[in-house]
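What follows is a single structure, written as structure tokens, with notes after it.
Rule-based calculations on the coordinates, nothing more; no lab input. What you are looking at is a predicted structure, and each value in this text was computed from that prediction instead of being measured. Methodologically, a virtual Cβ is constructed for each residue, glycine included, from the backbone with ideal geometry; neighbour enumeration extends over all protein chains shown.
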Amino acid sequence: MTENHIIGASVPRKEGRDKVTGRARYVDDMSLPGMIYGATVRSSIPRGKIRKISFGSNIAWDEFVIVAAKDIPGRNCIALILDDQPCIADGVVNHPEEPILLLAHPDRHLLRKAVGAVSIEYDEMPALFEMEESERQAEIIWGADNTFKSYLIEKGDVNSVWAKAAHIIDGEYFTGAQEQLYIENNGVIASFDSEAGVTVWGSLQCPYYVNKALMALFGLPEEKVRVVQMETGGAFGGKEEYPSMIAGHAALLAMKSGRPVKIIYDRAEDMVATTKRHPSRTRHRTAVDANGKILGGEIEFVLDGGAYATLSSVVLSRGTIHAGGPYYWPSVRIRAKAVATNAPPHGAFRGFGAPQSLFAMERHMDRIAQVVGITPVEIRERNFLKPGMTTTTEQVVREEIDLSHLLDRALELSGYQEKRKRFEITNRKEKLKKGMGIAAFLHGAGFTGSGERYLSSVVGVEGLSDGSVRVLVSSTEFGQGTNTVLCQVASEELGIPYENVAIAQPDTNAVPNSGPTVASRTAMIVGKLVQSAARGVKQTLVGSGLLSESYTPEQFRMACQKYVAARGPLKSYSRYDAPPGVFWDDAKYRGEAYAAFAWAVYVAEVTVDPGTYSVTVDDFVALQEIGKVLHPLLAEGQITGGVAQAIGFALYEKVVWRDGRMLNNQMTNYIMPTSVDLPPIRVFFEENGNVHGAYGAKGIGELPMDGPAPAILNAIEDAIGMHFVSIPLLPEDIHEAVTAWQR
Amino acid sequence: MTASGEMADPQEIHLTVNGEAASVRAHSMERLLDVLRHELGLNGAKEGCGEGECGSCAVLMNGELVNSCLIPVAQAEGAQITTIEGLANDGRLHPLQESFLACGGAQCGICTPGMILAALHLLDRCPKPTLEQIKEGLSGNLCRCTGYLQIFEAVNKVARENLAL
């Protein structure tokens, strides 16, 4: 066996060479013989009945393939959880930009013209655009009460705490929609064959989600739907559920036209029509004793789900479970719901509900500290979860986590105490005001509650005829390093060089369903399965007598070659088994919410210019405990990228809405951080291990999205003493607040 | 935009792409990006926004960094164009490509070709850039994955190690 550990080493990214040479193949780089292009005619109103569709006279319509709802051979829905979202509107629309007709033509420019030549008359119906209107049921726009899902978590007797409290602190917090803004827009190519069925190549995160959706849409069995992931230019959750929609559209056009069809959205269409982060409102009412120790509280968490249920129930679930932060609540009542509005459905986005509820929690902690008269550091230290304590879902913390230590270290790394003292003095005389802010938080890895058990993921590892090894998973690479990390795990487990391990292109005809590539589950859960499938290959070779228990990489290679030559394919599969003793009650929302949490303390240093109302983040310390760092370079890249995206969430990225439609659907007026906008982001890890993850790994992909926004707003308050409760917080928002305050 | 039938006939355009002469028949207003991708099969330049904001379609035209989605191909008549495909030499990666790999400068990879060309353009004019100059030099190229830090490191590494470009 090799003595050099592959785990923990920054080996080259598997597909890195293709990416730096421009050879990596994204879907728009692919073309098929006879391929034509598809486009979508969308609703111009938020809600109403379609009365009449007319086709302008300046277009040769007989050259176009036109698909409407009636052309769908199976069920007209995007099969996901509730299956309530139509693939193509059938008589009624519920949000702006809802697909009504699909067109295909060989000439993309004519296609664009044709889309503009379709005119649709509607009988408009009253629509809702604000969560409050939806909760009030000003109009019923979905189901019986506009509510996609609600949860209630009850721990202890919260009713008894108010009388005992030294202070009761109320707060209300808001977060806005955020666009994922992957640089590669959504796109697919589909082909249809009456024998073979549907094949889709696309930019996507979850091949088997698309597979399931196409089976329902076409009424085809699993083996007649093939989904292949192409190189994917960023996703961040934005290619979790939406690809099922665009894949369905292209496949319907391919079926009707008899030719392969490519649909690539341009930026404006991608931004206006596809999913964004759920806007949220969180209310806290917290009882604390005279020292600031939490006695109990009520939390109300509401998400705007848009027009259809899609993933709102599970986004809500994660947000609800994270709403209490990394703190001990002797008693708590959390009421949560996701409500309908007539906007395009909001969807998956890195963090998945947790950045919303944790923003509220971490702003509220600073508020509590002010009321009690203690520091942001003290309020957190006094309330941190410790091993043996229970979370809001009564999950016992079994990890040896020491949050006070994490906090102390983050304060030291950031120079927090010294700077805070210095800024207190300099802020009195300097024009530019400086401040420091903290956020402490946690992020559960893997699917929530019973989720992983339902997924029951399968992973394969295959020994090939040349003696090398291939990982078989549907887990996808979209920048985060799936290919590299899973190959590292197989390489380490087998004791063979990393270069001798490859990973199969995700193709539902060729790889098992290792679950969706979401929820920070890939390194931890899929990685662990790769480890055990790899062990299976080794055991088969040892059992066959071709390999002894202890071997060199060369002996492994020879044994593998001989095995395949003599006996045929050498494949080992491993299926997820829920760890014993794990209990989750879906009805009461109680129990082990996640097999492991990553824990973090982030510190932001900001400058606020009271003249221009601009906020600059000057320094950012991100310290986290993530079990085991499998690949330092990739792990650091995940954190810096996540922090950057979260700085955008806090300070730059504002979706401007009018009647349920995004108005600023361009990179020109929806502003994400550029290279000149970001502070040094200093990343530090602690590694306590994790028995549930590959080589002790936990999930990290989403974690860095949770902390920066509250840390930055806490720092702004430290700098200028203004209590902002809503993000994004742009200079004009600060200006407005200052003006209102001066009045 | 080439709305068929409404524009002048395609014309012959002559370019030098990655050192090789090329001629294409295209409408004068066709985007250089589309000509590179569809006519010349050079898929390294990517369309991210189509309005010159993101830089993922960036190429060098006569040594200048341009967003090829904003260049009508007629404007490129006679020009020297360098795309990402022109950087590696006989399969040997360019130092910037090596450095992006080593430093984690490429995650999803979609901005990488434009980003590397922007870095090349920067180092060409300013072989020893400060961090501020690197930030400035790459500010027309958006990356959603990395938070840019590992990209700065990649550029800095090439400059520091004085690698021949």
Amide H contacts under 5 Å for residue A:350, restricted to residues at least 5 apart in sequence or on another chain and with H modeled in the peptide plane, are A:237, A:238
Rounded to the nearest 0.05, FRET efficiency between residue A:464 and residue A:430 (Cβ-Cβ, R0 60 Å) equals 0.40
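Which value, to two decimals, describes the C-alpha radius of gyration of the protein assembly as shown once divided by 2.2 N^0.38 Å?
Details: Rg = 27.4 Å, N = 908, 2.2 N^0.38 = 29.3 Å.
The reported ratio for this selection is 0.94.
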Per-selection metrics, region B:11-86 (Cα): Rg and Dmax in Å = 10.8, 29
Sorted from largest down, give the three principal axis spans of the alpha carbons of region A:531-615, whole angstrom values.
-> 77, 41, 23
What FRET efficiency comes out for the pair residue A:83/residue A:390, r = Cβ-Cβ distance, R0 = 41 Å, nearest 0.05?
-> 0.70
Hey, rough spin-label estimate for residue A:130 and residue A:743, points 7 angstrom out along Cα→Cβ, what's it come to in nanometres?
-> 1.7 nm
Histogram of C-alpha separations across region B:95-160, 5 Å bin width, % | 4, 21, 36, 28, 10, 1
Amide H proximity to residue A:297 below 5 Å, modelled H, separation 5+ or other chain, gives A:287, A:331, A:332, A:333
Cβ density ranking, 10 Å radius, fewest first, applied to A:108, A:333 yields A:108, A:333
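Multiply the residue separation of residue B:162 and residue B:90 by 0.36 nm, subtract the distance between their alpha-carbon atoms, and state the gained length in nm to one decimal.
23.8 nm
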Would you mind telling me which residue in B:78, B:48, B:91 has the biggest mean-square fluctuation in a Gaussian network model of chain B, where springs connect alpha carbons within a distance under 10 angstrom?
-> B:91
May I ask you to derive the relative contact order of chain A, considering only C-alpha pairs under 8 Å and at least 6 residues apart, and to give it as an integer percent?
-> 16 percent
May I ask you to list the lysines whose Cα is less than 23 Å away from that of residue A:52, ignoring any residue fewer than eight positions away on the same chain?
-> A:70, A:113, A:256
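I'm checking a number: the convex hull volume of the Cα atoms of region A:3-150, normalised per residue, in Å³. What is it? Mind dumping the intermediate values first?
Numbers: hull volume 36.6 nm³, N = 148.
Taking only Cα atoms, region A:3-150 has a hull volume of 247 Å³ per residue.
Going by C-beta contacts inside 10 Å, put A:149, A:386 in order with the fewest on the left. Provide the component values of the computation, followed by the final result.
Working: A:149 20, A:386 12.
Fewest to most other Cβ atoms nearby, the residues stand as A:386, A:149.
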Calculated log₁₀ intensity ratio I(q)/I(0) where the Debye formula runs over C-alpha points of region A:515-661, q = 0.21 Å⁻¹ = -1.28
Highest GNM mean-square fluctuation among B:82, B:112, B:130, for chain B with Cα springs under 10 Å, belongs to B:130
Once chain B is represented by equal point scatterers at the alpha-carbon sites, with solvent omitted, what log10 I(q)/I(0) does the Debye formula produce at q = 0.15 Å⁻¹?
-> -0.78
For region A:254-261, what does the Karplus curve 6.51 cos²θ - 1.76 cosθ + 1.60, with θ = phi - 60°, yield as ³J(HN,Hα) per residue in whole Hz, taken in order and with x for Gly and Pro?
-> 5, 5, 6, 8, x, 10, x, 10
Hand me the trypsin sites (Lys or Arg not before Pro) from region A:254-330 located in a DSSP loop with no more than 16 other Cβ atoms within 10 Å, in residue order please.
-> A:293
Find the all-direction average of the projected area of the Cα convex hull for region A:338-415, expressing the result in square nanometres with one decimal place.
-> 8.0 nm²
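At a Förster radius of 41 Å, what calculated FRET efficiency corresponds to the Cβ-Cβ distance of residue A:194 and residue A:25, to the nearest 0.05? If you can, show how the numbers build up before the last one.
On the way: r = 28 Å, r/R0 = 0.68.
Efficiency, from the Cβ-Cβ distance: 0.90.
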Surpassing 29 Å at the alpha-carbon level, of the pairs A:429/B:128; A:698/B:128; A:431/A:654, are A:429/B:128; A:698/B:128
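Could you state, as a whole-number percent, how many of the C-alpha pairs of region A:648-743 are farther apart than 24 Å? Display every interim value, and only then the final one.
Details: 1963 of 4560 pairs.
So the pairs more than 24 Å apart make up 43 percent of the total in region A:648-743.
Please give the average number of partner chain Cβ atoms lying within 10 Å of the Cβ of each residue in A:636-642, rounded to a whole number. Display every interim value, and only then the final one.
On the way: counts 5, 11, 5, 2, 7, 11, 2.
For this peptide, the per-residue mean of nearby foreign Cβ atoms is 6.
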Could you line up B:139, A:134 from fewest to most neighbouring Cβ atoms inside 10 Å?
-> B:139, A:134
In whole Å, how far is the Cα centre of region A:647-703 from that of region A:189-227?
-> 31 Å
Label model pair residue A:63, residue A:578: point-to-point distance (7 angstrom along the Cα→beta-carbon line) in nm is 5.8 nm
Mind listing which GluC sites (Glu not before Pro) in region B:131-165 are in a DSSP loop and have 12 or fewer other Cβ atoms within 10 Å?
-> B:161
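Can you compute the helix-only [θ] at 222 nm over chain A? Use -39500 (n - 2.57) per DSSP H run of at least 4 residues, normalise by all residues, nearest 500 deg cm²/dmol. Could the numbers behind the result be given before it?
On the way: 19 runs with 214 residues, N = 743.
The per-residue figure over chain A is -9000 deg cm²/dmol.
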